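This report concerns only the one structure given below.
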Amino acid sequence: LLPGGISVSSAIMTQTREKEFVVVGGYHSDNQKRMICNTINLDDNKIEILETEAPEWTADIKHCKIWFGSDMGNGSILFGIPGDNRQLISDANYFYILKCQVENDQSLEQQAQVCSQSSTEDAGESTPFEDSEEFTFSFDIDTDTCNEDDNENESES
């Protein structure tokens, strides 16, 4: 806690400019979600923390007990809420993208976009996103390995 600062746990921070960050979400206490946002400006030897206008949270976000997420970079935050109250599948989650963008070097625009994804054992049984296109998280492993014989052949040529 900084003097004149904020006390929060599990908040998400994203960088919007070189010396400007936005803090979103988190909790004031074990069961009280933090629904406000703060901008943190770092200038020379000064840290300025300002409360900024929060996005218009959906009713689902306002009434859920927990939320989770991560910084996506470039002033965007991905966060989700459990969808157990809205679907028959207990491990469904709804994901939101919050974009914190600087406009005209003055104001901070925060905009939430919603999408949902149901996590199941069989990908064929997954529920498509609402209000968005479906996406999949994946990665490729580079299996191009280098063996010592190749290195020796290259040094001879």
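The values are calculated or read from the model by the stated rules, or taken from the named source; none is laboratory data. In this text the structure is predicted, and so the values were computed from the model without any measurement. Cβ: placed from backbone, ideal geometry, glycine included. Neighbour counts: every protein chain shown.
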K19: in contact (Cβ under 8 Å) with a residue 12 or more places away in the chain, basic (K, R), within 21 Å of Y94 (Cα to Cα) and surrounded by fewer than 18 Cβ atoms within 10 Å (Cβ to Cβ), yes or no? no
Inspect the range 68-85 for any residue being modelled with pLDDT under 85 and more than 18 Å from the chain's Cα centre (by Cα) and give the result as yes or no. yes
Pairing a residue in the range 36-63 that is over 21 Å from P82 (Cβ atoms) with any residue that is among the basic types (K, R) and part of a loop (DSSP other than H, G, I, E, B), where Cβ atoms lie under 6 Å and the two sit 6 or more apart in sequence or on different chains, gives L42/K19
Answer with yes or no whether Q106 is under 15 Å from M13 (Cβ atoms) and either aliphatic (A, V, I, L, M) or at pLDDT below 85 (or both). no
Okay, strands (runs of 3 or more DSSP E) sitting entirely in the range 1-63 with 1 or more residues that are under 17 Å from the mean Cα position of the chain (by Cα) and closer than 20 Å to G75 by Cα, I get 12-17, 20-24, 37-43
